[in-house]
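Each remark here refers to the structure printed beneath this line.
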Amino acid sequence: MAGPRLFGWAGKILRVDLGAKTQDVLRLPESVYRDYLGGKGLGGYLLRDHATLPPGHPDLPLVIAVGPLNATIAPTSGRCHLTTRSPLTGAVADSSAGGRLGTELARAGWDAIVIVGRAERPTGIEIDDEAVRVVDASALTGLDTHEVFARLRERRKGGSIAATGPAAESGCLFASLIVDTHHAAGRCGLGSVAGGKNLKYLAVRGTGRRKVADLPGLKTAREDILRLTAASPVLLGQHGFSCFGTGSIFDLMDSRRMMPTDNFRRTRFPGAEGLNAYAYKQRYQPRRHGCQGCHVLCKKIAADGRSMPEFETMSHFTALIGNTDLELVLKANDLCNRLGLDTISAGSTLACHREISGQDLTGERVLELLTGMGTGVGPGAELGLALAKGSANYAASMGRPELSMSVKGLELPAYDPRGAYGMALAYATSARGGCHLRAYPISHEILRKPVATDRFSFSGKARIVKIAEDANACVDSLIACKFLFFAASLEEYARAFSSVTGVAATTHDLLVIGERVDYQERLMNARNGFSAKDDDLPARFFNEEGTSGPGLPIPPVPREDFLAARSAYYRIRGLTPDGLPTRETAERLGLPWPSGLASGEVGR
Amino acid sequence: MNTLMAKYAAKLSATGLCAPGDVLMAALDDELAWSQPTDTGDPRRKLMGAVFAGMNISALLLARPAGVYQAVMVELARQALADGTTSGWGSITPGDCETRTFLHDLPVVDSMGADVVIQALRQRKGCVILNGDEVLVAAFGTVSPEQAYVTFSSMCFACFVAYFADHLLRARQGSLTPERQAAFERIKALLPEDRDDLPDLLPGPFESEDAAREALIQAGRHTVEYGLVDSYFGNISYRLGDTILISQTGSSLDELGACIDPCRMDGSSCAGITASSEYSAHKAVYEAEDNARAILHGHPRFSVILSLDCERLDCPKLGECHRACDTPRAVTDPSGGLGVPIVPGEVGTGPFGLCNTLPAALTGTSGEKRGAIVYGHGLFTLGAVDFRDAFATLMGVEHFCRAEYFRRVARLGGE
């Protein structure tokens, strides 16, 4: 078992059963920490034996985990990672969340919280270091997240709070968890799983410190990382995240003609120039805000206190749905945060509805439908509840499944794959579905880091995507913010990890751990019936052109090249030609083979 | 991948970093491809195959630095191995800015053994292999062969700077041995002559974006051809009204075609998010000086080396010179009207970023040759209407620094 002399990790995990009203402490062997690190890796480890439980099953765990770097001076180590099975997709669901939650959990002395069971009534979990209380939260029923935060802050000063909104109570499949008012564990319906357990909020305060094996070594690693971020125009340049937030990518997506427009029918939105991050900054005078332990401060908060929209929200609530009103974007973003709705899935599902119905959406209608999605009441209730099942379910129910712009049922973010072929492949292979962050090829295909690659070519992309997935799985397990890796690399973070834990590790060692963490998810997905048929893009991207410009043709993604790259990816990843795990690879990575799953076969 | 490997092998030869035909690169997607398709029994292939098997990488370069680079790296590698605490293992820690920022240090191993090379490459982006009397450099990429090329090139530059700077420092300290001095003479003889013919650059001012782009591309290409910058470092810009045209981050100055970002000075577009990390410094210079139109930034070797040289061997800020030096320093040649300040500053925009030091230093200069050196980093020069004066200053300062370097070494008894 992990002993009390452990550096970096606390060595204990809190397990709360909301149904049985019990709690206990899990102590895992030290080897588990070394093999899975924490965060995403530890979350998958704690989920995998229950991964085939239906998303609404009380015994399905919702894991909130931190890593060895949390609550240390390693840059951007304040985040945490949530893992469960998605009610939206049926695949593994995981999401990184910012704010202070990761830091507080680590300082409270926990490596993870595993929440199982279903409470009889709305419930909160309050953690103050080792003291854990499960409290009645019935009084918060129906309140939006801002109201929940305000109520709780009246009696709980300091620390961090994660809360669900009405969307988690009304059955929306892409409900999110909101952390510390302005941050979200947005994707895959993690809030829905919490809602299914009748968990209204989690509040954590920690006063302890993580033990660091080699503080001077950690300081050196930190300095190396900070120096690299200072050299990064994307992070700290005048046009970068620190000044304008993630919305600073908006102009680039416009000029590269890869801005998803009208439900991905086009790739350029007329008027985008007036909807960029600069326009928001001029109008809303935002201030900088960031996660605990981060110096980039990419989060922006408007002068009136509302969260500024992230890039995906800016894009999907304008170009994707045909809106040119900045204030509507602010209102929609604010409403989504209050109701606890994932903005990417919400915006994309609205766009899907708009295309199917052929009816443009007024600003008023957008807000009505969001309210309907998140509460099931109001003039948008009936349609909103249908949309709350996600675009794939909605489009299928309307007899137009091809108009859901999703992968594995998870709606695509705001990078059109016709403008970046590595992104096209990475969307398809992402274990959680339509996600840009698992391999983030935008880094090299658009942002030129670590070097530029040809965005209209699949050459070399299979291995690049595989390595990046491994690296990012590791980053989500350590934990750090993936944005930092526009500048730094695992080379520097390996030094930080070794300094914190005293465990010697190289970049290669961390990549092997990342590979294990990734493959662990593919084993779970295979047990739930996922295979190559799910590692694919909507047909639109192979059949329809984007919006070409002078000297810049945006043709459909060449299908044959895509399939060849996907086949290459499967070989590199150690999967069968049908995208399924093999015993050989699992054994090489030290992963147990799940009972009932034949090698290279889809589970039931 | 084959195209990229051929391109970077050719660049290594063209810049004199490697002998023609010697570069061996390999790239792996799901199948391994070689820059030299025919296996002639080159022992490097076996090592490279083992490295691919032992690492998660997509490209690998293994080559012998040529000429003066080979000579200085042999000297540094031997010293590193002698100083290392582990048998067969050492590291070179150059003091230049690019190494500090991107490479940190350079591992050195004493054989072509796969295990030891893999061990080194698992720690850093590249390593130096002392194989008998010759040095090879191994460098890898996880995205593109370009990464391996950039690392290789940067390591050569860093070692060149480290060797000559160290020699001058030892001369100041009075710690040169006859063996070192003999090696220095041998290495000095390997240095190619400086070019003193100026390129025929386009005359300005440029009033259209197309004309300005053409001038940027031309000046960038000549900066590389004249050996005034290595690998993909350096940057260049031109002010056109309220727009700054500037090279993109990570772009090669000799391949600027599509790698120039137009950045509005009022900040009303973020399309310049891919612009050079020194955009802030360039912008500050243009804002401070209406008449400045062109900025050229290269990494001429002896300008960098001379910036590292300081008489204050007992300075309490030793080790922090790159960001905390507050001693007014300059490269001066009163007879030639040269007065080039040397300022501290790290890459980009951090609290110690050169954007805080360079603009004032550069705009504080006057005369025909206007430039400023950032400690351990490189030289920025200013052009009034085009790149002719900026280029001439870049070249002239470097020539002076080279001559001044050897004057100082001679004065201190280093040769």
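Would you pick out the residues in region A:411-422 that are closer than 21 Å to A:Pro309 by Cβ and in contact with a helix residue (DSSP H, G or I) (Cβ under 7 Å, 6 or more places away or on another chain)?
A:Glu411, A:Leu412, A:Pro413, A:Ala414, A:Tyr415
Considering only region A:147-249, give the helices (runs of 4 or more DSSP H) lying wholly within it that have at least 3 residues that are within 24 Å of A:Glu120 (Cα to Cα) and in contact (Cβ under 8 Å) with a residue 12 or more places away in the chain.
Output list reads A:166-169, A:190-196.
Of everything in region B:90-121 that's of a type outside the set (Gly, Ala, Ser) and more than 14 Å from chain A (Cβ to nearest Cβ), which residue is surrounded by the fewest Cβ atoms within 10 Å (Cβ to Cβ)?
Looking at residues that are of a type outside the set (Gly, Ala, Ser) and more than 14 Å from chain A (Cβ to nearest Cβ), I get B:Met112.
Restricting to region A:408-454, give me the number of residues that are within 23 Å of A:Asn263 (Cβ to Cβ), within 14 Å of chain B (Cβ to nearest Cβ) and assigned to a loop (DSSP other than H, G, I, E, B).
Residues that pass the stated criteria total 3.
Please verify whether region A:570-588 includes one or more residues that are of a type in the set (Ser, Thr, Tyr) and in a loop (DSSP other than H, G, I, E, B).
The answer is yes, given that some residue of region A:570-588 is of a type in the set (Ser, Thr, Tyr) and in a loop (DSSP other than H, G, I, E, B).
If the requirement is being under 30 Å from B:Ala275 (Cβ atoms), out of contact with any strand residue (DSSP E or B) (no Cβ under 7 Å at 6 or more places or on another chain) and within 11 Å of chain B (Cβ to nearest Cβ), which of these qualifies: A:Ala487, A:Ala568, A:Ala564?
Residue meeting the stated conditions: A:Ala487.
I'm trying to understand the selection: among the residues of region B:33-60, which are within 11 Å of chain A (Cβ to nearest Cβ) and either among the acidic types (Asp, Glu) or assigned to a strand (DSSP E or B) (or both)?
B:Ala33, B:Ala59
Look through region A:494-549, keep the residues that are under 23 Å from the mean Cα position of the chain (by Cα) and acidic (Asp, Glu), and return whichever of them is farthest from A:Leu42 (Cα to Cα).
So the residue we want is A:Asp536.
Where in region B:85-169 are there strands (runs of 3 or more DSSP E), lying wholly inside it, with at least 2 residues that are within 24 Å of B:Gly250 (Cβ to Cβ) and assigned by TED's automatic domain parsing to the domain that holds B:Lys7?
Filter on region B:85-169 gives B:106-109, B:126-131, B:134-141.
On the given criteria, is B:Asp30 outside the structural domain of B:Ser252 (by TED's automatic domain parsing), part of a loop (DSSP other than H, G, I, E, B) and closer than 17 Å to B:Ala139 by Cβ?
no
How many of the residues making up region B:8-33 are in contact (Cβ under 8 Å) with a residue 24 or more places away in the chain and out of contact with any Ser or Thr (no Cβ under 9 Å at 6 or more places or on another chain)?
3
Sort out which residues of region B:265-294 are of a type in the set (Val, Ile, Thr) and either out of contact with any helix residue (DSSP H, G or I) (no Cβ under 9 Å at 6 or more places or on another chain) or more than 17 Å from B:Ile342 (Cα to Cα) (or both), and write them in order of number.
Listed by number, the residues that qualify are B:Ile273, B:Thr274.
Of the residues A:Leu563, A:Leu523, A:Leu537, A:Leu575, which single one is among the hydrophobic types (A, V, I, L, M, F, W, C), without any contact (Cβ under 8 Å) to a residue 12 or more places away in the chain and closer than 24 Å to A:Ala392 by Cβ?
Every option except A:Leu563 fails the conditions.
What's the total number of residues in region B:206-243 that are surrounded by fewer than 24 Cβ atoms within 10 Å (Cβ to Cβ) and in a strand (DSSP E or B)?
2
Just checking, which of A:Asp518, A:Asp536 is under 24 Å from A:Pro413 (Cα atoms) and assigned to a loop (DSSP other than H, G, I, E, B)?
Being under 24 Å from A:Pro413 (Cα atoms) and assigned to a loop (DSSP other than H, G, I, E, B) holds for just one of A:Asp518, A:Asp536, which is A:Asp536.
What tally of residues in region B:1-32 results from selecting those that are more than 14 Å from chain A (Cβ to nearest Cβ) and crowded, with 22+ Cβ neighbours inside 10 Å?
6
Just give me the residues in region B:206-260 being in contact with a Lys or Arg (Cβ under 6 Å, 6 or more places away or on another chain) and among the basic types (Lys, Arg), in sequence order.
Of everything in region B:206-260, just one residue is in contact with a Lys or Arg (Cβ under 6 Å, 6 or more places away or on another chain) and among the basic types (Lys, Arg), namely B:Arg239.
Kindly list, by first and then second residue, each pair from a residue in region B:327-351 that is outside the structural domain of B:His399 (by TED's automatic domain parsing) to a residue that is surrounded by 14 or more Cβ atoms within 10 Å (Cβ to Cβ), limited to pairs with Cβ atoms under 8 Å and residues at least 6 apart or on different chains.
Between residues of region B:327-351 that are outside the structural domain of B:His399 (by TED's automatic domain parsing) and residues that are surrounded by 14 or more Cβ atoms within 10 Å (Cβ to Cβ), there is no close pair.
Where in region A:270-340 are there helices (runs of 4 or more DSSP H), lying fully within it, with 3 or more residues that are surrounded by 17 or more Cβ atoms within 10 Å (Cβ to Cβ) and among the aromatic types (Phe, Trp, Tyr)?
A:277-284
Look through region B:332-363, keep the residues that are out of contact with any Gly (no Cβ under 8 Å at 6 or more places or on another chain) and within 10 Å of another protein chain (Cβ to nearest Cβ), and return whichever of them is surrounded by the fewest Cβ atoms within 10 Å (Cβ to Cβ).
My answer is B:Pro351.
Which of the residues belonging to region A:27-53 are touching a Ser or Thr at 6+ places or on another chain (Cβ under 7 Å), within 14 Å of A:Thr501 (Cα to Cα) and either assigned to a helix (DSSP H, G or I) or of a type in the set (A, V, I, L, M, F, W, C) (or both)?
A:Tyr36, A:Leu37
The values are calculated or read from the model by the stated rules, or taken from the named source; none is laboratory data. If you're wondering where the values come from, they're calculated on a predicted model, not measured in any experiment. Positions of Cβ are backbone-derived with ideal geometry, glycine not excepted, and every protein chain shown enters the neighbour counts.
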